[in-house]
1. Calculate, in nm to one decimal, what V249 and K186 gain on full extension: separation in residues at 0.36 nm each, minus their alpha carbon distance.
2. Hey, got the dipole for the range 175-246? About the Cα centre, +1 on K and R Cβ, -1 on D and E Cβ, debye to the nearest 20?
3. Quick one: what are the phi-derived ³J(HN,Hα) couplings along the range 219-229, Karplus 6.51/-1.76/1.60 with θ = phi - 60°, whole Hz, x for glycine and proline?
4. Less than 19 Å from a label point 7 Å out along the Cα-to-Cβ axis of S89: which backbone N atoms in the range 251-285 qualify, by residue?
5. Restricting to DSSP H runs of at least four residues, report the calculated mean residue ellipticity at 222 nm for the chain, -39500 (n - 2.57) per run over all residues, nearest 500 deg cm²/dmol.
6. On each of the three principal axes of the Cα atoms of the chain, give max minus min coordinate, whole Å, ordered largest first.
7. How far apart, in nm, are two points set 7 Å out from the Cα along the Cα-to-Cβ line at Y282 and at N125?
8. Which order results if R79, R164, R283 are arranged by neighbouring Cβ count within 10 Å, fewest first?
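Throughout, read-outs are computed from the coordinates displayed, never taken from laboratory work. On a predicted model such as this, the values are computed, not experimentally measured, just so you know. Positions of Cβ are generated from backbone atoms using ideal geometry, with glycine treated the same way; all protein chains shown enter the neighbour counts.
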Amino acid sequence: LDPDKTILRPELLDFHGVSMTHYFTDNWEAVQNFQARPDDILIATYPKAGTTWVSCILDLLYFGQTSPERQTSIPIHERVPFLEIFAPSVALVGTDQAEKLPTTPRLIKTHFPVQFVPKSFWEQNCRMVYVARNAKDNMVSYFHFDRMNTVQPEAGDWKDYFQRFIKGKLVFGSWYDHVSGWWEKKQTYSNIHYMFFEDLVEDTGREIDKLCSFLGLSPSAEVKKQITGEVQFDKMKKNSMANYSTVPVMDFKISPFMRKGKVGDWKNHFTVAQNEEFDEDYRKKMKDSTLQFRSEI
Ligand code: A3P
């Protein structure tokens, strides 16, 4: 990718107390100075919590009727730029992509913990959609992603990965801090819609309804039904404009981007001992939080 930094897997670095890689910190100044507009919508997640799913839903809600061809001609990562990504050697600079977006509203994705979000988003009172996923499935999904994505640090073996997740030593830091930080922010900043991956799996239509009322949209029942159909797992998995198959750094022979899309796949990965260790540590880390997750539905 970047000739200066080599195409090898990047090192994890400590950045203001959060584990990151250079791909998401090298453009820090420009990212922090990014000028948000009042109608921008920020889609924020810890990696693998359902970013692409919600991005497709929002893109369809806003542009599905006026520009249906977007769904079959523009990859989702171009329709919804990744704010902090910086790989200039392959012309991938999130801030530039966001600035060049021709449509309104601009849909912008970030994996930043809440304290890293550029200040103009708060000043402009932008709407933000946060998606959270239960820690166990989030960990499993991230493990397979790090195995197949050569611009992420090496995943290593599952046992080791499990420990790194608990310690927050993965790109974008601690899951616990991420989900809690955004949850706390929501208590004072009312323009955050906090969603759960498990709810989306349980009833996509209901979650689209809630999103619409947050966004102030009122699509017809027919349109909503159409969108719900478009964003079903099998449909998105087949759609090369949504499934990341156009991104060369990902090795789908190791694992596809659209892997399983399920709640509870952690049961196929966690040993009984790991599950006990995890639950005990989780209770300690999350004891002061009112956040409730479902690891099965
Ligand atoms: P799995 O690895 O568990 O399958 P992100 O977009 O944040 O990177 O998240 C990717 C995860 O969301 C993957 O989880 C992927 O399969 C799942 N996903 C994406 N679209 C989905 C959909 N329409 N329905 C269910 N899961 C979906």
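1. Details: separation 63, 0.36 × 63 = 22.68 nm, distance 3.47 nm.
Separation in residues times 0.36 nm, less the Cα-Cα distance, equals 19.2 nm.
2. Numbers: 9 positive and 11 negative charges, 48 e Å.
Value, rounded to 20: 240 debye.
3. Per-residue couplings from phi come out as x, 5, 4, 5, 5, 4, 5, 5, 5, 4, x Hz.
4. Zone members listed by number: 251.
5. Numbers: 14 runs with 124 residues, N = 297.
Estimated from H runs of four or more residues: -11500 deg cm²/dmol.
6. Largest first, the chain extends 51, 46, 41 Å along its Cα principal axes.
7. 3.8 nm
8. Details: R79 24, R164 19, R283 9.
Ordered from fewest to most neighbouring Cβ atoms within 10 Å, R79, R164, R283 come out as R283, R164, R79.
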